[in-house]
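The values are calculated or read from the model by the stated rules, or taken from the named source; none is laboratory data. None of these values were measured; they are calculated from a predicted model. Backbone-built Cβ (ideal geometry, glycine too); neighbour counts: all protein chains shown.
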Amino acid sequence: MRADHGRIEADLAELIVVQSVTGDEFAIQDLVAAKLADAGLAVERVTTPLSAIESDPDFPGIEVDRTELPIVAGRLVGERPGRTLLLCGHVDVVPPGDPATWTTPAFEPVVRDGNMYGRGACDMKGGLVAAIEAMRLVAKEDLAGEVVLLAVPSEEDGGSGALAAIRAGYTADGCIITEPTNLEVVVAHGGAITFTLGVPGKAAHASLRREGVSALDNLSYLVEALRSDEAARNAAETRPEMVGIGLPYPTIIGQVHGGNWASTVMDSLEAHGRYGVTLGQDCDGAGADLRAAVERASAEHEYLADHPVKVTTWGGRFDSSSIAADHPLPVSLQGAAESIGAHVPQAIGAPYGADMRLFINQGKTPTVMYGPGDGRVAHAADEHVPLSEVAECAEVLAAWIKHELA
């Protein structure tokens, strides 16, 4: 089964043109539904009110305003009973950022040197197109069971779209999410929480700065403490797929706001950042680790020992998840790739949160990530994906489906 390279290029260009920034996914889901219907699949649409997911005990949080979660699925049912397989991709993309940093406009797709450029090309419309092409390739095969292609919103800000799909019944015997993995197979991934530190200080005139206590200096002290905490948490990891990343559980401060006058010692600030969730840990456990690290550091600080730092967590909650590297799912995917002479994916870990954890933890569905593109260009200017990888991914997925549902 050979993928149609021209069709892949055309499909991906069409998807990139639609500016499906997180929170605005209805138009892209209309296009996905049309492509699934064109592929001969039975199209299903579910629109879940956000309020229904916000009240769910496993609600993963959101970071943009929305009222509904549009979900699209294409179902292919075989002639004989059997297992259910799931291919999944998210349709939302992050904002393009400063237009001046792009060689060509972010939502005007262009091919250069075999790569399709545009916002979402890599993360993850390339993977979604690969899944659609795979479904086309197996649409007329004699299958036992069924395979569903699921397109979800709201991955980038927490995963409420995937949770809504799971609650709507979209679970399976095995799931492949076509996130960009360089055509390797992700069997374990860390997670992340977003946090805010409210750091206190004491105001004073700049000419008498030693009479004050700089909140910025206090933050610098806390940053060093969090680096030590980061080192200890990463050194404790033993799973090879995660150790191989080098820094699977990073901590960063991404935003700092504080001060009210250039000539006044800063008396307070807010610092917003990201804290990793280790394998086997949920977001609550990570939050407890963060608070403990800040409390230990504060207890050893002359000022912070008596003036507590306020620690809050908010926004998207990305738990970690994993399956065994020798689980039948990644092993069968590796076998499918080998059977058609494609690159045989190696089992790897990932340092970021993804919808994979929702299908594993809430959907009780064995899940891996496998898709075209390099995650290092995701969210970046001049984001791109090799079209050859999109085609290869489609062919491997089709071989996997055919073998599993034979």
Any chance Ser339 is hydroxyl-bearing (Ser, Thr, Tyr), out of contact with any strand residue (DSSP E or B) (no Cβ under 9 Å at 6 or more places or on another chain) and surrounded by fewer than 22 Cβ atoms within 10 Å (Cβ to Cβ): yes
Among residues of segment 141-160 being of a type in the set (Gly, Ala, Ser) and within 21 Å of Val77 (Cβ to Cβ), the residue surrounded by the fewest Cβ atoms within 10 Å (Cβ to Cβ) is Ala144
Just need a number here: residues in segment 167-196 that are crowded, with 24+ Cβ neighbours inside 10 Å and over 30 Å from His343 (Cα atoms). 2
Among the residues of segment 260-269, write down those that are of a type outside the set (D, E, K, R) and either at pLDDT 95 or above or not assigned by TED's automatic domain parsing to the domain that holds Asn218 (or both). Trp261, Ala262, Ser263, Thr264, Val265, Met266, Ser268, Leu269
If I ask for residues that are out of contact with any Leu (no Cβ under 6 Å at 6 or more places or on another chain) and either crowded, with 17+ Cβ neighbours inside 10 Å or not assigned by TED's automatic domain parsing to the domain that holds Lys202 (or both), which ones from segment 243-255 would you list? Ile245, Pro248, Tyr249, Pro250
Identify, from the list Arg209, Arg233, the residue that is touching a residue at least 40 places away in the same chain (Cβ under 8 Å), in a helix (DSSP H, G or I) and touching a helix residue (DSSP H, G or I) at 6+ places or on another chain (Cβ under 8 Å). Arg233
Filter result for the condition that a residue is within 17 Å of Val377 (Cα to Cα), modelled with pLDDT of 95 or more and exposed (fewer than 14 other Cβ atoms within 10 Å of the Cβ), over Thr104, Thr67: Thr104
Touching a residue at least 12 places away in the same chain (Cβ under 8 Å) and outside the structural domain of Ile360 (by TED's automatic domain parsing): does that describe His301? yes
Can you tell me which residue within segment 86-104, out of those that are within 23 Å of the chain's Cα centre (by Cα) and in a loop (DSSP other than H, G, I, E, B), is farthest from Ala130 (Cα to Cα)? Asp98
The one condition in (1) within 25 Å of Val18 (Cα to Cα); (2) at pLDDT below 95 that Asp142 fails to fulfil: (1)
In the set Gly61, Gly40, Gly78, Gly74, the lone residue that is on the phi > 0 side of the Ramachandran plot and surrounded by 14 or more Cβ atoms within 10 Å (Cβ to Cβ) is Gly61
Got at least one residue in segment 344-352 being surrounded by fewer than 21 Cβ atoms within 10 Å (Cβ to Cβ), at pLDDT 95 or above and not assigned by TED's automatic domain parsing to the domain that holds Asp58? no
If I filter segment 357-367 for residues that are in contact (Cβ under 8 Å) with a residue 40 or more places away in the chain and basic (Lys, Arg), do I get at least one hit? yes
For segment 43-57: of the residues being of a type in the set (Val, Ile, Thr) and more than 12 Å from Pro70 (Cβ to Cβ), which is surrounded by the most Cβ atoms within 10 Å (Cβ to Cβ)? Ile53
